[in-house]
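Here's the structure we're looking at; comments come further down.
Values in this text are rule-based calculations from the coordinates and carry no lab data. Worth saying up front: this structure is predicted, and the values here are computed from it rather than measured. Reconstructed Cβ throughout: ideal geometry from the backbone, glycine too, with neighbour counts over all protein chains shown.
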Amino acid sequence: MPSAFDRTHSLGVLSRFLNRTAETEKVPLNLIEVILAQGSMFQVPKRWHRTCRPAMNDKDMFMASNSNASSGSNTALTPLPESDRQFGWREHAALWLSLGVGLLVIQIGAYLVPALGAPSALLVIVCGSVLGAGLLAWTAKVGCDSGLSSAGLMHATYGSSFAKLPVLLNIVQLVGWTAFELVIMRDGTIAIARQTGGFASDLWPILATLLWGGAVLALMAGSMVTLVRKFIGRYGLPLVMLSLLWLSWQFLAKASTLGFSALWNKPGDDSMSLLAALDLVIAMPVSWLPLVADFARHGREGKGALRGTWVGYAIANIWCYGLGVLVAITTPSTELVTALLVAQGGLIALGLILIDEVDNAYGDVYSGSVAGHSLLPAWNVRRWGMLLAAGCTALALVLPMHSLEPFLLMLSSVFVPLYGVILARLGAAADVAALVSDRRVNGSAVAIWLLGIVCYHLCAQFAPDWGAALPSLALSFGLAWATRSHPTTGHAVSREPISLNHTKK
């Protein structure tokens, strides 16, 4: 994402860093003048890290971040301060377990049968979920270790000027998917409401869209950290888990009645290859790659972000895809929402899942607002979020979102190779934050990304049995890894005192 900063090692950046340090860390201004005059090596004493500010609660952090953004600082392209990093591995796990649950995921799981038999479908679901969640978790670790948002990772990989393009594309796709999520929630709400025999008027879908859009708007007015720590982990996630347990129990009981052994051993019709099915399973975790760093940067340490994201999302993806297969083999030729509603207690369970869909829409809007802030720092994340939430609600009201799904899927295809390059170039980088303004355009990274997009669409067109995401990801990652030029280590960016007179190699 775009940056207004000069080169990292220029005197102007050094001056701004030290002045900012003086304001927040209580450093004497005369000391700064001496440092700039002498050009000597300067290390930030550890005591400044300990005494720079008192511990802040969620509300204080929210107000402080909005205040900083309002003053014009681009918080999306600079590492998040230590005081703002509140997530442990449990918060990461709760967040991604919640975000991984959704009606769309269950629906895609149902597509695996009857193309595959149940054993093959289960194998593909487990392997694809573990692999896809692993890629998501690796990206989360990079974001947490560096403290950078997704915008910052794009800057560090593609250059401060060219990164504006993928950032803008990301905002477009996030707006589209948020509107699509609102339509899914609207349709589910109307389906539940019409079970009572009423709500036939065309006005009700409009009101349902406004209801869910208003919910996302209200959430954007609050703190993301508070939402994750105090609502999702404590209340939202347990209710969703209960609904999934209940639906799983109901459809397992139905499978037992129909003859579990016969359903399990029923062969598939081979209309989809195993690789194509694996591609379909990986599609969901990969679709979150452009968002994960925006949340992971709030983690206290990279290993916790890696572990929590991997475990949380893998469980959610396996469960929802598996439930989709179970629904499909026990109620063939039945629309998913209808099948869930006719299950005993299905209305309540579906209602809880619909409520959980709100955090998917919120996640899209939040990440889009961070991306927007990187483009226009004068608008803080909250202001961007309110604007995007209102805009997505309006789009859900007027656009035929179901017919636009192929366009959204096509747009999403550019982010598979995009993150193949990012992971290869930054996954083992020694100092990711220093690369944000390292150059304006990274020609090799851009070329590999474009080649990956071409590979994706060629595979989809001429070799669908191979899948498209995996070949594109493998090609972009392999080429980017082979052509990486900056030094790498297996460690995170050091959070020890920083030397400010190092020279650019």
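Compactness ratio for the stretch 167-291: Cα radius of gyration over 2.2 N^0.38 Å (N = residue count) comes to 1.42.
If we count every other residue with Cβ under 14 angstrom of PHE162's Cβ, Lys/Arg +1 and Asp/Glu -1, where does the sum land? The answer is +3. Put a dot 7 Å past the Cα of ALA200, heading toward its Cβ, do the same for LYS303, and the two dots end up 6.3 nm apart.
Each other residue within a Cβ distance under 11 Å of GLY102 adds +1 if Lys or Arg and -1 if Asp or Glu, for a net charge of -4. With neighbours defined as other Cβ atoms within 10 Å of a residue's Cβ, the residues THR157, THR309 order from fewest to most as THR157, THR309. Net length available on complete extension from THR338 to ALA463 is 41.6 nm, with 0.36 nm assigned per residue and the Cα-Cα distance removed. Relative contact order, whole percent, for the stretch 11-482 stands at 33, derived from Cα pairs under 8 Å and 6 or more residues apart. Here's the picture: charge each Lys and Arg Cβ at +1 and each Asp and Glu Cβ at -1 in the stretch 11-482, and of GLY152, VAL113, GLY102 the one pushed furthest to the positive end of that dipole is GLY152. Taken about its Cα centre, the stretch 11-482 carries a charge dipole of roughly 1260 debye when the Cβ of each Lys and Arg holds +1 and the Cβ of each Asp and Glu holds -1. Computed from the Cβ-Cβ distance with R0 of 22 Å, the FRET efficiency linking SER403 to LEU211 stands at 0.40. When each of LYS141, LYS230 is scored by the number of other beta-carbon atoms lying within 10 Å, the sequence from fewest to most is LYS230, LYS141.
Overall, the anisotropy analysis places the stretch 11-482 in the prolate class: the square-rooted eigenvalues a ≥ b ≥ c of its C-alpha gyration tensor yield a/c not less than 1.5, with a/b exceeding b/c.
Ranked for footprinting exposure by Cβ neighbours inside 10 Å, fewest first, HIS155, HIS298, HIS457 give HIS457, HIS298, HIS155.
Placing one equal scatterer on every Cα of the stretch 362-422 and applying the Debye formula, the log10 ratio I(q)/I(0) at q = 0.11, 0.12, 0.15, 0.27 Å⁻¹ is -0.33, -0.39, -0.60, -1.05.
With a simple spin-label model that places each label point 7 Å from the Cα along the Cα-to-Cβ direction, the separation between ASP270 and ALA218 comes to 5.4 nm. Compute the signed sum of charges (Lys and Arg +1, Asp and Glu -1) over the other residues within less than 13 Å, Cβ to Cβ, of ALA137. Cβ neighbours under 13 Å give a net charge of +2.
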